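Written out below as structure tokens is the structure these notes cover.
The values are calculated or read from the model by the stated rules, or taken from the named source; none is laboratory data. Computed from a predicted model, the values in this text were never measured in an experiment. Here the Cβ is made from the backbone with ideal geometry for all residues, glycine too, and neighbour counts use every protein chain on show. The area values use the complete protein model at the heavy-atom level, side chains included, leaving out ligands, DNA and RNA. Shrake-Rupley method; radii C 1.70, N 1.55, O 1.52, S 1.80 Å.
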Amino acid sequence: MSVRHTPGKIRHLLDKHGLRPNKSLGQHYLADPNVVDKVVRLGDIDSDDTVVEIGPGTGALTMALVATGADVLAVEIDDRLKPLLAETVGETARILYQDAADLGWVAHLDGRSVKLVANLPYNVGTSLVLDVLRQVPDIATLVVMLQTEVADRLLADAGDVAYGLPSVVVGLTARVGGSFTVPPQLFYPPPAVGSTVIRLDRTPSPPRAEEAMRLAATAFGQRRKMLRASLAGLHPDISELLTSVGLEPTQRPENVPPSGFVDLADALAKT
Ligand code: SAM
């Protein structure tokens with residue numbers, strides 16, 4: 001197995017394989033072994049775990065995950081990295097070369113409780129986390145590195161500026177198990193924005209959580225409108241329905257906690 005990834009090591013590997021970081025694929029490689037270790041520690045990864053890593057890149061995190069003894073499946077969209085990953089990760093992890101966003105890799109999980117670990121490309125980060133929380137119950141824990149602004153949106157509470165649909169989805173499916181920030185200079189090449197690693201642990205969702213998320217999607221689709229306007233199409237007397245669950249018809253969605261959307265979904269189901 002190869003030595004730990006520093007900026008010099010990553011540059012050397014990329015040069016050797018004739019590669020340049022592709023910005024549109026978010027290829028900012030983690031170039032600090034201490035942060036790699038911190039990500040693995042936040043995930044409490046050990047030899048009993050099955051881990052899915054999205055976007056192994058040059059394999060820095062993949063090798064650290066493999067070193068715990070966990071069974072590692074990695075999903076990488078860029079098959080130009082194949083010879084490089086053959087050198088760094090080799091046969092120690094299974095690597096699928098496909099777009100992780102379409103969730104095709106889920107078919108390769110064996111039904112055991114799985115941890116997802118990823119330094120996610122910023123352009124797919126939010127939707128992948130939300131899709132996994134909503135559609136892949138086998139993933140029990142997520143440890144993901146995201147653009148700080150995106151992480152803030154996932155972790156926001158009702159009333160916060162960053163509160164929106166992603167916060168509602170997290171609020172109804174998971175609890176936050178920790179977070180830490182990583183400055184741009186610890187990546188090669190450095191991104192223009194700061195990064196935050198967060199851990200989410202799946203929790204049992206309330207009945208009608210999915211309906212509640214759909215309501216939140218409708219309301220946040222027109223976040224400047226009052227609920228009585230953005231949700232008008234759902235019920236002939238939406239104002240009365242909102243009032244019956246303790247919501248103000250003139251409220252905007254940013255002040256409605258996840259449980260408020262569940263109460264509304266329950267009330268709608270009873271009509
Ligand atoms: N894990 C590595 C690290 O920490 O150094 C690389 C992280 S880099 C920010 C993101 C990685 O995700 C790149 O290797 C990129 O090619 C890959 N990637 C981008 N979009 C992807 C997608 N839709 N599906 C799978 N991998 C993707």
| How many of the residues in the range 68-123 are in contact (Cβ under 8 Å) with a residue 60 or more places away in the chain and under 22 Å from Val197 (Cα atoms)? | 11
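Can you name the residue in the range 147-172 that is assigned to a helix (DSSP H, G or I) and among the polar types (S, T, N, Q) and, of all such residues, is farthest from Pro56 (Cα to Cα)? Can you show your working first?
Within the range 147-172, the first condition is being assigned to a helix (DSSP H, G or I), and the residues that meet it are 148-155, 165-172.
Retained after the next criterion (residues that are among the polar types (S, T, N, Q)): 148, 167.
Numbers: Thr148: 20, Ser167: 27 Å.
Filtering first and then ranking leaves Ser167.
Under the condition of being of a type in the set (Gly, Ala, Ser) and open to solvent by less than 20 Å² (accessible area, probe 1.4 Å), which residue from the range 65-77 is nearest to the ligand (Cβ to nearest atom)? Before the answer, list the steps.
Of the range 65-77, the ones of a type in the set (Gly, Ala, Ser) are 67, 69-70, 74.
Filter again for open to solvent by less than 20 Å² (accessible area, probe 1.4 Å), leaving 70, 74.
On the way: Ala70: 15, Ala74: 9 Å.
Of everything passing the filter in the range 65-77, Ala74 is nearest to the ligand (Cβ to nearest atom).
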| field | Qualifying residues in the range 104-139 (those that are more than 15 Å from the ligand (Cβ to nearest atom) and polar (S, T, N, Q)) - the one least open to solvent (accessible area, probe 1.4 Å) | value | Ser113
| request: Identify the single condition in (1) open to solvent by 40 Å² or more (accessible area, probe 1.4 Å); (2) more than 26 Å from Val40 (Cα to Cα); (3) touching an Asp or Glu at 6+ places or on another chain (Cβ under 7 Å) that Leu186 does not satisfy, given that it satisfies every other one. | output: (2)
| Residues of the range 27-45 classified as more than 8 Å from the ligand (Cβ to nearest atom) and in a loop (DSSP other than H, G, I, E, B), total | 4
| request: Within the range 140-175, work out how many residues are under 12 Å from the mean Cα position of the chain (by Cα), away from the ligand (no atom under 16 Å from the Cβ) and of a type in the set (A, V, I, L, M, F, W, C). | output: 5
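Applying the selection to the range 46-61, what residues are free of Cβ contacts under 8 Å to residues at least 60 places away in the same chain and more than 7 Å from the ligand (Cβ to nearest atom)?
Of the residues in the range 46-61, the ones free of Cβ contacts under 8 Å to residues at least 60 places away in the same chain are 46-48, 56, 58-61.
Result: Asp46, Ser47, Asp48, Gly59.
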| Out of Val106, Val132, Val66, Val144, sole residue that is in a strand (DSSP E or B) and at pLDDT 95 or above | Val144
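Please pick out the residue among Gly26, Gly43 that is touching a residue at least 60 places away in the same chain (Cβ under 8 Å), at positive phi and open to solvent by less than 40 Å² (accessible area, probe 1.4 Å). Steps first, answer last, please.
Numbers: Gly43 fails: at positive phi.
Gly26 is the lone residue from the list that is touching a residue at least 60 places away in the same chain (Cβ under 8 Å), at positive phi and open to solvent by less than 40 Å² (accessible area, probe 1.4 Å).
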| task | Look at the range 1-21 and say how many of its residues are in a loop (DSSP other than H, G, I, E, B), surrounded by 13 or more Cβ atoms within 10 Å (Cβ to Cβ) and modelled with pLDDT of 95 or more. | result | 3
| field | Residue in the range 170-183 that is of a type in the set (Lys, Arg), touching a helix residue (DSSP H, G or I) at 6+ places or on another chain (Cβ under 9 Å) and in contact (Cβ under 8 Å) with a residue 24 or more places away in the chain present | value | no
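For the range 246-265, how many residues meet the condition of being open to solvent by 40 Å² or more (accessible area, probe 1.4 Å) and under 17 Å from Arg208 (Cβ atoms)?
Adding up the residues that qualify gives 4.
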| query | Can you tell me which residue in the range 81-103 is nearest to the ligand (Cβ to nearest atom), limited to those that are touching a strand residue (DSSP E or B) at 6+ places or on another chain (Cβ under 8 Å) and part of a helix (DSSP H, G or I)? | reply | Ala100
